[in-house]
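Novice: Have a look at this one before I ask anything.
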Amino acid sequence: MALFDDIKAGLEQAIEYEKGTLKAKKTVLSITPVDVFTPGEIREIRKSTGLTQVLFAKYMGVSVKTVESWEAGRNHPEGAACRLLTLTRNDPTFPQSSGIVVR
């Protein structure tokens, strides 16, 4: 019955909010900008993990050519790849601790 009670309470709150007798709770979140990485930084991040370009590419979900291109400065990572690089830079053990890389 707990689920029913939770749903009922939520609906009652929605009705009270709609009537104007209940103020909505809100949470303000900030998203940090996506980091930009130099070829040297990408190489250092990869080396800090102890992964080869081949394994790092598999970890990142990209081709080996893409990692080579990033490290040579011919191309640069964007979006989710940059977020994953940031996580890895902040914690070089992240590939293993996240379960993505299994030794």
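The values are calculated or read from the model by the stated rules, or taken from the named source; none is laboratory data. None of the values given here were measured: they were computed from a predicted structure. Please note: Cβ atoms are built from the backbone with ideal geometry, for glycine as well, and neighbour counts cover all protein chains shown.
Novice: Are there any pairs, at least 6 apart or on different chains, whose C-beta atoms fall under 8 Å, with the first in the range 4-15 and closer than 18 Å to K26 by Cα and the second not polar (S, T, N, Q), and if so, which?
Specialist: These pairs meet every condition: Q13/L22.
Novice: Here's something else I'd like to know. Can you tell me which residue is surrounded by the most Cβ atoms within 10 Å (Cβ to Cβ) among those in the range 45-103 that are at pLDDT 95 or above and among the basic types (K, R)?
Specialist: Residue satisfying both the conditions and the ranking: R46.
Novice: Within the bounds of the range 24-41, is there any residue that is modelled with pLDDT under 95, more than 14 Å from R83 (Cα to Cα) and among the polar types (S, T, N, Q)?
Specialist: The answer is yes; a qualifying residue exists.
Novice: Going through the range 45-99 one residue at a time, which ones are of a type in the set (D, E) and touching a residue at least 24 places away in the same chain (Cβ under 8 Å)?
Specialist: If the condition is that a residue be of a type in the set (D, E) and touching a residue at least 24 places away in the same chain (Cβ under 8 Å), then E71, E78 are the ones that fit.
Novice: Assuming E18 fulfils every condition listed in (1) exposed (fewer than 12 other Cβ atoms within 10 Å of the Cβ); (2) of a type in the set (D, E); (3) touching a Leu at 6+ places or on another chain (Cβ under 6 Å) apart from one, which condition is it?
Specialist: (3)
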